[in-house]
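Below you'll find the structure, written out as structure tokens, and then a few comments.
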Amino acid sequence: MEVLARGGRSRTLAAIAVLATIALVAATASPAQAVPIKRGQSTLTLNQNTLSGLDPLGVGILPIAPAEASLGGESFPITGGRASRNGQRAIINHAGGIVFAGDNAAVRVVRPRLRLSSSTYELSALVGGQRMSFLSLGGGTITSRGRRLTYRGINAFLTLEAADALNQAFATDFFREGTRLGRLRIRMTLVL
């Protein structure tokens, strides 16, 4: 036989009501609602035609730690941001970067930030201490499984601002708006 202390029954009912409310709020959370990103990694697989065009200029692309070289490209750790659970909207911050390095010049592209939404699909970064739109992005697919989001096959093209900065640094006209730098894959775990 269970004996309830004074007011025990009302406390039990109140606790049940609180738990039911929490469950209802969790069940009705929108897939489009932005939640924090716990961890992840973005990988830029470099376009071989673009790399071949850089060879005669004596320019290479190297990672800046904590980014790392990966098979055919560079991988950047995700340091934070927010993304909708369905992946339709996201702001993704990264550490590290890449450097376009030549004999007489270097252009450091650091702290990349991806903005993905219906109206904006871009990667901005600090270049010479100033944040600029560096890559325009297009295409790709999104897979959402529980707390995991994966973007695949996102094409990455230089913006006019990026092409101008690179051309000026390396005294060339090789870089153009729309020059394909590569393809992005983004894998992340969300805090739910």
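Readers should treat all values here as calculations from the given coordinates under stated rules, not as data from a laboratory. Bear in mind the structure is a predicted one, so any value in this text is a computation, not a measurement. Counting neighbours? That spans all protein chains shown, and the Cβs are built from the backbone with ideal geometry, glycine included.
Tabulated data for the structure shown
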{"read-out": "Dipole moment magnitude, nearest 20 debye, the range 34-190 about Cα centre, only Lys, Arg, Asp, Glu C-beta charged", "value": "1240 debye"}
{"read-out": "Within-14-Å neighbourhood charge of ALA171 [Cβ basis; K, R +1; D, E -1]", "value": "-3"}
{"read-out": "Dipole magnitude of the range 73-160, debye to nearest 20 (Cβ charges: Lys/Arg +1, Asp/Glu -1, about Cα centre)", "value": "600 debye"}
{"read-out": "Computed E for THR172/ASN86 - FRET, C-beta separation, R0 45 angstrom, nearest 0.05", "value": "0.60"}
